[in-house]
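Beneath this line is the structure, given in structure tokens, with notes to follow.
The values are calculated or read from the model by the stated rules, or taken from the named source; none is laboratory data. Please read all numbers here as calculations on a predicted model, not as lab measurements. In this analysis, Cβ positions are derived from the backbone assuming ideal geometry, glycine residues included, and neighbour counts consider all displayed protein chains. All accessible areas refer to the heavy atoms of the entire protein, side chains included, with ligands and DNA or RNA removed. Shrake-Rupley method; radii C 1.70, N 1.55, O 1.52, S 1.80 Å.
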Amino acid sequence: MYKNNIQDKCSKLETQQVINEFKTNSQTGLTDAEIKIRLQAFGLNKLGEKNFFWFAILFKQLINPFNVLFFIISAFSFLVHEFQNGAVILICVLINALSGFYQEYRAALNLESLKMYLAHMVTILRNGQELEIDATQIVPGDIILLVPGDILPADIRLIQTENFTLDESALTGESNPVKKDSGVIKIEQPTIFLATNIGFAGTSVLSGKSKGIVIATGKQTMMGSIYGLTIGSLQKSYLAKQLSQLSFMLFFLVFGTLALTFIINFFLKGESFPLFNFFIFSTALAITAIPEALPVVVTFALSKGVNILAQKKVIIKRLSAIEDLGRIDILCTDKTGTLTENILAVANINAQNTAEIIFNAALASETSFKNLEKLTKGFDSALWNYLKEDQKKELEYYKKVKEIPFESSRKRNTVLLKKQDSSSQILITRGMPEEVLNRSTFDAHKKQEYLSWAQQEGTLGRRVLAIAKKEIVGDISSFEEVETNFMFIGIISFSDPLKKTALEAIKKSKVLGVGIKILSGDSKEVCFTVAQQAALITSQQEILTGYAFASMDESQKKQAVDSCTVFARIDPEQKFEIIQLLQEKGYYVGYVGDGINDAPALKVANVALAVPNATDIAREAADIILIKKSLLAIINGIEEGRTIIANIFKYIKTTLSASFGNFFSLAFSTFFLHYLPMLPIQLLMVNLISDFPMIAISTDNVDSFEIKKLKKNYLKELILVALLFGSVSSIFDFIFLGLFKGYGQKTLHTGWFIFSILTELVFIFSIRTNGIFYKTKRPSFWLAFLAFFAACLSISLAYIKKFESFFQLVPLTLYQLSLLAILLIFYFTTTEIVKNYYYSEKLNV
């Protein structure tokens, strides 16, 4: 399988042969001139990414099933010389399609523009310099440097490795770590995936580090050759599922009612039944009953949310993620960077020689010495700022020979260094005090003193780092063999102040009903101090350690994840388990992560959030990227998501209730009239005029109690509300029919045309809140303006000669307008009474 390809060939070549094959240099990389030539030859490093075309969006809007049906009806109307009906149907469809196109196109442009924040960066050697570039710009022959958390951007022949393991589950489905090295494959393998010296695009680095040569990019990678198998199916959002069910129910309800109405009318009226006219009327009536502007409203609301959240430093990778963000019940996060500033400073030192411990801690830095000065956060930055100038210069005399980066399972990092003009080597380890002390030699009493000191610093909310070293003579084959009998140097504590916005974020989360849970690898003491300052907990009894959690049985764990707010000394597997247990209890869980160890938790969470400087794995698993790691930014995002969801369902609730009333009353009134209650062209205009203020609902302000806790199932309430208020609307429609039937056909048509629009408009201002209309937040400017405009337009059409004849309307007398106004006031008052009774009863249940 996959024989005679470049990957198979390179796996069997010596390192120097591979370097020669790609005409590169393992120490300096490619030059700018070589890169330019290779980019032209091989193209960008992309896997069949879809191009963004505006006409594809327009075409999709035009050919949705309802529009196709309306186009057919419009064409049929033209064929039978019903030009007015055909033209109005066509105009209505085009307006809705173009509105939908505009919103979706703008949303697509917004998402495209935000991709700059989601660029996958890789570290390479070019022109003798170590650079970070966009992964799409790498070419075969590039020398790439890999560390834990990186996702391989291309297929790579490894030429140097140190304790290097990959997660190849993206390709093979096997989740076990795969050990890799740079040795030549001398025995024929049944599949290239067994080649231990090849790293494949899409796999991720679990541990160690490596240098490699890019041997295949884009579609030439193994991932590219099986691209179709790597694309997962798109999961429908909760909102999309609810709307699909609603559409299905509406389709059968509307067309079932029309079929029943047709049959009854046919038997009641026999040969005098106007078959064709009733067909056109039924079609127009169906259009008014179906919320065809719903896709426009949803897209507009979500795209508006993308812009608002981008301004608040929250980047959405897909539109539906806004809805997911709003549905979060519980947000799980580490404290560092969300509650605290993540800007560390040396606070205290417990060592015999302060200068020695600081210098050795800096030597064990996971960052290259020349880049230490560029750091702004973390332990290494704090150490650099504390170093004296002569110590900073002395670092240049040391060279790292080997190192193992910090891993949660080891709880420490270890570095082997060699000083210039010295035959011996130094092995330095730094990490959690318990771990480093256990690998050092001194009496038990002294060990307890150090642990007590570290614990005391933890009660002050400080993070601690223990440092130990030993001299190494000769080469070592494995770190594990020599990571014992260290000489303990001491412990450094670091302060990380609480964010100024933390208390505001916690207060706001409580208002929204969002539970905050801290999942931290830090000590119980540190977690308690930070959580107490943030007003999350009041005693250490509210903290559960990873050790205590591991000793619980399943039922105890389920109870603990619900009752506990802070989890200390938690490992990645336990984070994963906690989120799963919360989901089993029915919670919608969000998780904020930034490291390789967060990837499992990010993948299992309902909503995954990561920061820009997160590892590639974390960013790949995330739905949402935080430009600034801030709890307040996340809470603001949840609030915005809930506002959007509330407005979308407010639109559906309003349009369904108003449409159902008109639909049933118009359909059933055909039993009592010898003519149509409203002409098709008038029905279409009712639908068109009322759609604009309806769409503006997506911009409306929302009451705080409506976003405190989102309902788990909106569908049931939507149907109940639509039937309840639709019935109220139908009652007033039949009252109107009784009052206006004696005025003649044209006056009835005109009155019902105006009354239908005005009742929909006043209903918006009643149903937009669950409380009394005048005690709620003011409507948005666009909602108020478009509602006023629609009301004026609906009345004026009957008084403008050109429109009067085209829509077959007649001017109403002042008395008739007064009747409509009185009826409208009674209708609004009745809806307010019914609404307040309905929601007060719901609260009492």
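Criterion applied to LYS524, LYS517, LYS508 was being under 26 Å from GLU435 (Cβ atoms), open to solvent by 10 Å² or more (accessible area, probe 1.4 Å) and at pLDDT 90 or above, and the one residue passing it is LYS517. Scanning region 554-568 for residues that are surrounded by fewer than 22 Cβ atoms within 10 Å (Cβ to Cβ) and touching a residue at least 12 places away in the same chain (Cβ under 8 Å) gives LYS557, LYS558, ALA560, ASP562, CYS564, THR565. Of all the residues in region 436-466, those that are under 40 Å from the mean Cα position of the chain (by Cα) and crowded, with 17+ Cβ neighbours inside 10 Å number 10.
Among the residues making up region 136-145, those that are open to solvent by less than 10 Å² (accessible area, probe 1.4 Å) and either farther than 11 Å from SER26 by Cα or touching a helix residue (DSSP H, G or I) at 6+ places or on another chain (Cβ under 6 Å) (or both) are ILE138, VAL139, PRO140. Look at (1) within 50 Å of the chain's Cα centre (by Cα); (2) of a type in the set (A, V, I, L, M); (3) in a loop (DSSP other than H, G, I, E, B) and you find that LEU824 fails only one, number (3). Note on region 575-598: residues that are in contact (Cβ under 8 Å) with a residue 40 or more places away in the chain, open to solvent by 10 Å² or more (accessible area, probe 1.4 Å) and under 30 Å from GLY378 (Cβ atoms) amount to 5.
Looking only at residues in region 243-262 that are modelled with pLDDT of 70 or more and open to solvent by less than 30 Å² (accessible area, probe 1.4 Å), the one that is nearest to PHE671 (Cα to Cα) is THR261. For region 793-810, the set of residues classified as in contact (Cβ under 8 Å) with a residue 60 or more places away in the chain and open to solvent by 40 Å² or more (accessible area, probe 1.4 Å) consists of LEU793, PHE806, GLN808, listed by residue number.
Out of everything in region 479-492 that is open to solvent by 50 Å² or more (accessible area, probe 1.4 Å) and not hydroxyl-bearing (Ser, Thr, Tyr), what residue ends up being modelled with the highest pLDDT?
Taking region 479-492 as the starting set, the residues that turn out to be open to solvent by 50 Å² or more (accessible area, probe 1.4 Å) are 480-481, 484-485, 487.
Of the ones still in play, those that are also not hydroxyl-bearing (Ser, Thr, Tyr) are 480-481, 485, 487.
Values: GLU480: 74, GLU481: 77, ASN485: 89, MET487: 92.
By that ranking, first place goes to MET487.
For region 407-423, the set of residues classified as basic (Lys, Arg) and open to solvent by 20 Å² or more (accessible area, probe 1.4 Å) consists of ARG410, LYS411, LYS418, LYS419, listed by residue number.
Of these, ILE476, ILE426, ILE404, which one is within 24 Å of LYS211 (Cβ to Cβ), in a loop (DSSP other than H, G, I, E, B) and open to solvent by 10 Å² or more (accessible area, probe 1.4 Å)? Don't jump to the end; show me each part of the working.
Details: ILE426 fails: in a loop (DSSP other than H, G, I, E, B); ILE404 fails: in a loop (DSSP other than H, G, I, E, B).
Criteria check complete, one pass: ILE476.
Selection of region 767-792 for residues being surrounded by 15 or more Cβ atoms within 10 Å (Cβ to Cβ) and assigned to a helix (DSSP H, G or I) yields ILE767, PHE773, TRP782, LEU783, ALA784, LEU786, ALA787, ALA790, ALA791. Is there a residue being under 30 Å from TRP782 (Cβ atoms), in contact (Cβ under 8 Å) with a residue 60 or more places away in the chain, of a type in the set (Val, Ile, Thr) and touching an Asp or Glu at 6+ places or on another chain (Cβ under 9 Å) anywhere in region 724-742? Looking for residues that are under 30 Å from TRP782 (Cβ atoms), in contact (Cβ under 8 Å) with a residue 60 or more places away in the chain, of a type in the set (Val, Ile, Thr) and touching an Asp or Glu at 6+ places or on another chain (Cβ under 9 Å), one finds none in region 724-742, hence no.
Of the residues that sit in region 364-393 and are acidic (Asp, Glu) and surrounded by fewer than 16 Cβ atoms within 10 Å (Cβ to Cβ), which one is modelled with the lowest pLDDT?
Across region 364-393, the extreme among qualifying residues is GLU373.
Checked against (1) open to solvent by less than 10 Å² (accessible area, probe 1.4 Å); (2) assigned to a helix (DSSP H, G or I); (3) closer than 19 Å to SER282 by Cβ; (4) at pLDDT 80 or above, ALA667 passes all but a single condition, namely (4).
For region 430-452, the set of residues classified as more than 16 Å from ARG463 (Cβ to Cβ) and in contact (Cβ under 8 Å) with a residue 12 or more places away in the chain consists of LEU437, ARG439, SER440, THR441, PHE442, listed by residue number. Against the test of being in a helix (DSSP H, G or I), open to solvent by 10 Å² or more (accessible area, probe 1.4 Å) and either touching a residue at least 24 places away in the same chain (Cβ under 8 Å) or out of contact with any Leu (no Cβ under 6 Å at 6 or more places or on another chain) (or both), the options ASN647, ASN701, ASN636 yield a single qualifying residue, ASN636. When the residues of region 749-766 are filtered to those that are under 28 Å from SER840 (Cα atoms) and either under 35 Å from the mean Cα position of the chain (by Cα) or hydrophobic (A, V, I, L, M, F, W, C) (or both), which remaining residue is most open to solvent (accessible area, probe 1.4 Å)? Across region 749-766, the extreme among qualifying residues is PHE765.
It is to be established whether one or more residues within region 298-314 are closer than 19 Å to LEU715 by Cβ and either modelled with pLDDT of 70 or more or buried (at least 21 other Cβ atoms within 10 Å of the Cβ) (or both). I'd like the intermediate steps shown before the answer.
To start, the set of residues in region 298-314 that are closer than 19 Å to LEU715 by Cβ comprises 298, 301.
Checking which are either modelled with pLDDT of 70 or more or buried (at least 21 other Cβ atoms within 10 Å of the Cβ) (or both) leaves us with 298, 301.
Yes, the conditions are met somewhere in region 298-314.
If ALA658 passes every condition in (1) touching a Phe, Trp or Tyr at 6+ places or on another chain (Cβ under 8 Å); (2) within 30 Å of GLY513 (Cα to Cα); (3) small (Gly, Ala, Ser) but one, which one does it miss? Tallying (1) touching a Phe, Trp or Tyr at 6+ places or on another chain (Cβ under 8 Å); (2) within 30 Å of GLY513 (Cα to Cα); (3) small (Gly, Ala, Ser), ALA658 fails exactly one: (2). Screening ALA502 against (1) in contact with a Leu (Cβ under 7 Å, 6 or more places away or on another chain); (2) modelled with pLDDT under 90; (3) surrounded by fewer than 21 Cβ atoms within 10 Å (Cβ to Cβ) leaves a single unmet condition, (3). For residues in region 189-208 being within 18 Å of THR15 (Cβ to Cβ) and at pLDDT 85 or above, which is surrounded by the fewest Cβ atoms within 10 Å (Cβ to Cβ)? In this case the residue turns out to be THR196.
Yes/no per residue for (1) in contact with a strand residue (DSSP E or B) (Cβ under 9 Å, 6 or more places away or on another chain); (2) modelled with pLDDT under 75; (3) of a type in the set (Ser, Thr, Tyr):
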residue: THR15; (1), (2), (3): yes, no, yes
residue: PHE22; (1), (2), (3): yes, no, no
residue: ILE37; (1), (2), (3): no, no, no
residue: TRP54; (1), (2), (3): no, yes, no
residue: ILE57; (1), (2), (3): no, yes, no
residue: ARG106; (1), (2), (3): no, yes, no
residue: LEU109; (1), (2), (3): no, yes, no
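Considered as a group, the residues in region 117-135 that are touching a Gly at 6+ places or on another chain (Cβ under 9 Å) and open to solvent by less than 30 Å² (accessible area, probe 1.4 Å) include one that is farthest from ASP594 (Cα to Cα), and that residue is ARG126.
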